[in-house]
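Read-outs throughout are calculated quantities, based only on the coordinates presented, and are distinct from any laboratory measurement. Worth saying up front: this structure is predicted, and the values here are computed from it rather than measured. Cβ placement follows ideal geometry from the backbone for every residue including glycine, while neighbour counts extend to all protein chains displayed.
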């Protein structure tokens, strides 16, 4: 049984019932399916990831846990940060992120606050659940403990991540996340070229993306 809609599409493309090009020549075979990407050493994967972040206009660096205080102080000063919202996850609590922000007199907004209040925050701090080095992409689960607005509404997004969440490719991420209800993929700061095809950062989300890999 033929499908009339598909038949009309074939006719408009000048194709016959057989699979062929508009000129009548058989279509070429589909491209080969590439094998899954194989990970390199952890150090090499981190460097690949940070290099991709840089290409995307983000700022990434490796830090020791002891270096977070100074890094946050520098970020607060450089970006004139007055308000922040932070995921309340075990790892971020262990690093003392909230206490460090309090020591610099940063006003803290609940990560579950109203979206309008969240959008007024200067800084949103999250972790990530997966890192894809090849594209510099972060993938974040969304839950009560990890509200997605923290990574999407403040003008600056800081992700504090660990090397063990590095994944070789998207197939691995999808396999691990198949039972999740929501997964946010972030590749660089928010950007659009809707206005006169000029790329502009920060129109639909954070203007700046920082990623700190804790080693």
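Could you pull out the residue among 175, 149 that is over 14 Å from residue 89 (Cβ atoms) and free of Cβ contacts under 8 Å to residues at least 12 places away in the same chain? If you could, list the steps in order and put the result at the bottom.
Details: 149 fails: free of Cβ contacts under 8 Å to residues at least 12 places away in the same chain.
Criteria check complete, one pass: 175.
Anything in region 49-77 that is part of a helix (DSSP H, G or I) and closer than 24 Å to residue 169 by Cβ? List them, or say none. Lay out the reasoning, then the answer.
The first filter runs over region 49-77 and keeps only residues part of a helix (DSSP H, G or I), leaving 49-55, 65-77.
Listed by number, the residues that qualify are 49, 50, 51, 52, 53, 54, 55.
I need the full set of residues from region 103-119 which are surrounded by 13 or more Cβ atoms within 10 Å (Cβ to Cβ) and either in contact (Cβ under 8 Å) with a residue 60 or more places away in the chain or more than 22 Å from residue 143 (Cβ to Cβ) (or both), in order please.
Listed by number, the residues that qualify are 104, 106, 107.
What strands (runs of 3 or more DSSP E), lying completely within region 81-134, carry at least 2 residues that are under 19 Å from the mean Cα position of the chain (by Cα) and over 22 Å from residue 189 (Cα atoms)? Before the answer, list the steps.
Details: elements: 83-86, 107-109, 123-126, 130-132.
Output list is empty.
Can you tell me which residue in region 90-102 is surrounded by the fewest Cβ atoms within 10 Å (Cβ to Cβ), limited to those that are in contact with a strand residue (DSSP E or B) (Cβ under 8 Å, 6 or more places away or on another chain) and either touching a residue at least 24 places away in the same chain (Cβ under 8 Å) or under 17 Å from residue 157 (Cα atoms) (or both)? Explain how you work it out, then say what you get.
Let us first name the residues in region 90-102 that are in contact with a strand residue (DSSP E or B) (Cβ under 8 Å, 6 or more places away or on another chain), namely 91-92, 95, 97-98, 101-102.
Applying the additional criterion that residues be either touching a residue at least 24 places away in the same chain (Cβ under 8 Å) or under 17 Å from residue 157 (Cα atoms) (or both) yields 91-92, 95, 97-98, 101.
Values: 91: 13, 92: 16, 95: 20, 97: 22, 98: 16, 101: 21.
In this case the residue turns out to be 91.
Of the residues 53, 59, 33, which is touching a residue at least 60 places away in the same chain (Cβ under 8 Å) and surrounded by fewer than 20 Cβ atoms within 10 Å (Cβ to Cβ)? Reasoning before the result, please.
Values: 53 fails: surrounded by fewer than 20 Cβ atoms within 10 Å (Cβ to Cβ); 33 fails: touching a residue at least 60 places away in the same chain (Cβ under 8 Å).
One residue alone meets the criteria, 59.
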